[in-house]
Amino acid sequence: MKGILFVVSGPSGVGKGTVLEEVFRQDKKLKFSVSATTREPRPGEVDGVNYFFVSPEKFDSMIDNGEFLEWAHVHDSRYGTPRGFVEKTLNEGFDCVLDIDVQGALNVMKNWEGGVYIFMAPPAFEDLEKRLRNRHTEDEGRIKERIETARWELTKVKEYDYTVVNDVVEKAAEKVRAIIEAERSRTGRVDLRFD
Ligand code: 5GP
């Protein structure tokens, strides 16, 4: 594979999406892997852009046909990374970013050679709780569940190659960009032609 696979994960509410939006705004060569999910779209989300919103039956058939690089139950829904897009993108020489949960990232680590794993962490645990409440997308029970999941997810940080603390979005995006550029500059990845 010619491109680099970047896997970004971190607890719900850490602000991954906002940081990645900034990274994509600045780096036009990066491709985002759009996941399939069985959850309902939130206001403003577009099918095929944020996610492929699919029925549980369609998701089952995608599993049966081996279409996923990984998939996981996250909260009340299922989410999966379509394998075809990732392989095609990397083969064409583009770098590809997955925004997936920790279970998914641990599965990719087992099944994929050579990915780069970035964990996005909150500055403090209380920040997560605050952010989850402020976005008003989940009810109290769901917020509690996400906090419990986040505690488990934070224990997996040591499995990742890099940790980025999201204190200020622009600074976190700058760090992710720096990691991407450093990985692109690894000896062996730079195509030197000295004829
Ligand atoms: P949300 O529903 O808030 O968009 O996403 C919930 C969680 O699912 C986030 O942590 C997000 O990174 C994760 N997620 C999104 N797509 C995938 C995927 O394809 N696979 C896995 N394992 N997790 C995903």
Check: Looking only at the range 3-60, which residues are within 21 Å of Val102 (Cα to Cα), in a loop (DSSP other than H, G, I, E, B) and among the basic types (Lys, Arg)?
Finding: Arg39
Margin query: With the requirement that a residue be among the basic types (Lys, Arg) and either modelled with pLDDT under 95 or within 13 Å of the ligand (Cβ to nearest atom) (or both), what does the range 75-91 give you?
Written below: Arg78, Arg83
Margin query: Every residue in the range 163-177 that is surrounded by 14 or more Cβ atoms within 10 Å (Cβ to Cβ) and among the β-branched types (Val, Ile, Thr), please.
Written below: Thr163, Val164, Val165, Val176
Next item on the list: Scan the range 61-75 residue by residue and report those that are among the small types (Gly, Ala, Ser) and either assigned to a helix (DSSP H, G or I) or surrounded by fewer than 12 Cβ atoms within 10 Å (Cβ to Cβ) (or both).
Entry: Ser61, Gly66
Notebook entry, point to check: If you take the residues in the range 22-37 that are surrounded by 15 or more Cβ atoms within 10 Å (Cβ to Cβ) and not hydrophobic (A, V, I, L, M, F, W, C), which one is nearest to Ser61 (Cα to Cα)?
Noted result: Thr37
Check: Among the residues of the range 38-51, is there at least one that is loosely packed, with under 12 Cβ neighbours inside 10 Å, within 9 Å of the ligand (Cβ to nearest atom) and either at pLDDT 95 or above or farther than 26 Å from Lys171 by Cα (or both)?
Finding: yes
Check: Could you say whether any residue in the range 167-179 is touching a residue at least 60 places away in the same chain (Cβ under 8 Å) and either in a strand (DSSP E or B) or among the hydroxyl-bearing types (Ser, Thr, Tyr) (or both)?
Finding: no
Notebook entry, point to check: Of everything in the range 122-162 that's aliphatic (A, V, I, L, M) and in contact (Cβ under 8 Å) with a residue 24 or more places away in the chain, which residue is surrounded by the most Cβ atoms within 10 Å (Cβ to Cβ)?
Noted result: Leu128
Check: Across the range 94-121, what is the total count of residues that are more than 14 Å from Ile180 (Cα to Cα), out of contact with any Phe, Trp or Tyr (no Cβ under 9 Å at 6 or more places or on another chain), at pLDDT 95 or above and not in a strand (DSSP E or B)?
Finding: 3
Next item on the list: Considering (1) more than 13 Å from Phe6 (Cα to Cα); (2) within 11 Å of the ligand (Cβ to nearest atom); (3) outside any helix (DSSP H, G or I), say which one Leu132 fails and leave the rest.
Entry: (3)
Notebook entry, point to check: Has the range 94-105 got any residue that is surrounded by 12 or more Cβ atoms within 10 Å (Cβ to Cβ) and over 15 Å from the mean Cα position of the chain (by Cα)?
Noted result: yes
Next item on the list: Hey, can you tell me all the residues within the range 25-37 that are more than 10 Å from the ligand (Cβ to nearest atom) and either farther than 22 Å from Val8 by Cβ or not hydrophobic (A, V, I, L, M, F, W, C) (or both)?
Entry: Arg25, Gln26, Asp27, Lys28, Lys29, Lys31
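The values are calculated or read from the model by the stated rules, or taken from the named source; none is laboratory data. If you're wondering where the values come from, they're calculated on a predicted model, not measured in any experiment. Here the Cβ is made from the backbone with ideal geometry for all residues, glycine too, and neighbour counts use every protein chain on show.
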